[in-house]
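Read the figures in this text as sums done on the coordinates, not as results from a lab. All figures in this text were calculated on a predicted structure; none of them were measured in a lab. Cβ sites come from the backbone with ideal geometry, for glycine too, and all protein chains shown count toward neighbours.
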Amino acid sequence: MSRSSLLLKIELRSNPEMLCIVRNALGQLAAMLGFAETDCNAVLLAVDEALTNIIRHAYLGDAEQPIEASFHRIHAPHEGESGDALEIVLEDRGVTVNPEKMCGRALEDVRPGGLGLHFIRESMDTVEFSRGNGRNRRTLRKFLLVHSAEKGS
């Protein structure tokens, strides 16, 4: 079980112009939590891709629909240990998304678009999707890897 504390909650419209506001707030938040620059960039990429997917697929491009983004600092088990992480929960009331069809396309298929899910999964430590009470819920976690540096010494 994880312990959680809410750091930030943003309610926004599904307008792509709003993505820069989320990126700016999240970038500052991730840096404040102590993420390395590469991990900050990974988190920003994953959230940007996830929000873009909500706008395109759950809301079919409708720019006036609600999205809730909440950012929590959690302490949870990870890879046989426990540690602190940033947990990001994105919720929408859009079209029901079938998680089994959320596979993206093969990396070998070189053409624009379709790699968002790959980037999200590669950038984050855990990615979960659920549907309940008329809402799609994406939960993304990135662990602070302070203990990794200690292991190498």
Tell me, what ³J(HN,Hα) does each residue in the range 15-26 have, in order and in whole Hz, if you take phi through Karplus 6.51 cos²θ - 1.76 cosθ + 1.60 with θ = phi - 60° and put x for Gly and Pro?
8, x, 5, 7, 4, 5, 5, 5, 4, 5, 5, 5
5 Å is the cut-off here: which amide hydrogens, built 1.01 Å from N in the peptide plane, fall below it relative to Gln65, excluding neighbours closer than 5 in sequence?
Ser14
Rounded if a/c is under 1.5, else prolate if a/b beats b/c, else oblate: with a ≥ b ≥ c from the C-alpha gyration tensor eigenvalues square-rooted, which is the range 1-49?
oblate
Which of the peptides 43-55, 124-136 is most tightly packed, and how do the rest follow, going by the mean number of other Cβ atoms within 10 Å of each residue?
43-55, 124-136
If R0 = 22 Å, then Asn41 and Thr96, at their Cβ-Cβ distance, give a FRET efficiency to the nearest 0.05 of 0.10
Could you pull out every residue, at least 5 positions away or on a different chain, whose amide H is within less than 5 Å of the one on Gly94? Hs are placed 1.01 Å off N in the peptide plane, and Pro or chain starts have none.
Asn136
